[in-house]
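Take a look at the structure below.
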Amino acid sequence: MQIFIDFLPVVAFVAAYYLADIYTATGVLMAAMVVQIAYQWFVNGSVTKMVLISAILVWVAGGITLVLRNPIFIQWKPTIVNWLFAAAFLGSQYIGDKSLTERMMGHAIELESAFWRQLNWMWIGNFAFLGAANLYVVYNYDEATWVTFKLFGMLGLTLLMAVAQAVWIAVRTSEQQAEES
């Protein structure tokens, strides 16, 4: 159920786009973020920073898009979000005793500090790449292609990164266990 809630705003955006237009889709996206936040609050008693940051950017970029009737603002939103996350993960490499990746996943798996840093760098690269890829599609393809890329391309690339991360972690943890034996 959580995965559905996580992707509900993007799916709703794409559906509204194909049923109406970019401006209707933007309004639907803004409303879907409210639903996502309400769901997180109701189920968990709190809302993640990632969702809050994304929601604020959706409301700001979406509001500007609707007021100025210019879709470029909502099209830039995925880039801004991804680059903010890349910057946050990068900053966590140098601030504090744990990277963001270790803070988010450290309760579930044990890795050496060097491996946590490497994993964190993978996510920095992933977020930076996703932001750049979004801009490439925005400026080199039509609006409908960008909308499709937003759902299937960005989601696919994120899932690919998650699978690659899982394999990478499995290899590292088995290496660690072999060294400890």
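The values are calculated or read from the model by the stated rules, or taken from the named source; none is laboratory data. These figures come from a predicted structure and were not determined experimentally. Glycine gets a Cβ as well: all are built from the backbone with ideal geometry, and neighbour counts include every protein chain shown.
Any chance region 62-72 includes a residue that's within 14 Å of the chain's Cα centre (by Cα) and at negative phi?
No, region 62-72 has no match at all.
Identify, please: which residue in region 1-28 is among the β-branched types (Val, Ile, Thr), modelled with pLDDT of 95 or more and out of contact with any Leu (no Cβ under 8 Å at 6 or more places or on another chain) and is, among those, farthest from Met154 (Cα to Cα)?
For region 1-28, the residue satisfying everything is Thr24.
Could you list all residues from region 80-99 that are under 21 Å from Ile56 (Cα atoms) and either touching a residue at least 40 places away in the same chain (Cβ under 8 Å) or surrounded by 14 or more Cβ atoms within 10 Å (Cβ to Cβ) (or both)?
If the condition is that a residue be under 21 Å from Ile56 (Cα atoms) and either touching a residue at least 40 places away in the same chain (Cβ under 8 Å) or surrounded by 14 or more Cβ atoms within 10 Å (Cβ to Cβ) (or both), then Ile80, Val81, Asn82, Trp83, Leu84, Phe85, Ala86, Ala88, Phe89 are the ones that fit.
Only one residue in Trp121, Trp59 is at pLDDT 95 or above, over 15 Å from the mean Cα position of the chain (by Cα) and within 29 Å of Thr173 (Cα to Cα), so which one is that?
Trp121
Just a yes or no: is a residue in region 29-39 at pLDDT 95 or above, in a loop (DSSP other than H, G, I, E, B) and outside the structural domain of Trp146 (by TED's automatic domain parsing)?
no
In this structure, is Leu159 out of contact with any Phe, Trp or Tyr (no Cβ under 8 Å at 6 or more places or on another chain), over 27 Å from Thr24 (Cβ atoms) and in a helix (DSSP H, G or I)?
yes
Would you check which residues across region 44-59 are free of Cβ contacts under 8 Å to residues at least 24 places away in the same chain and in a helix (DSSP H, G or I) and list them?
Asn44, Lys49, Val51, Leu52, Ala55, Ile56
Only one of (1) outside any helix (DSSP H, G or I); (2) touching a residue at least 60 places away in the same chain (Cβ under 8 Å); (3) closer than 19 Å to Val14 by Cα fails for Leu151. Which number is that?
If we test Leu151 against (1) outside any helix (DSSP H, G or I); (2) touching a residue at least 60 places away in the same chain (Cβ under 8 Å); (3) closer than 19 Å to Val14 by Cα, just (1) comes out false.
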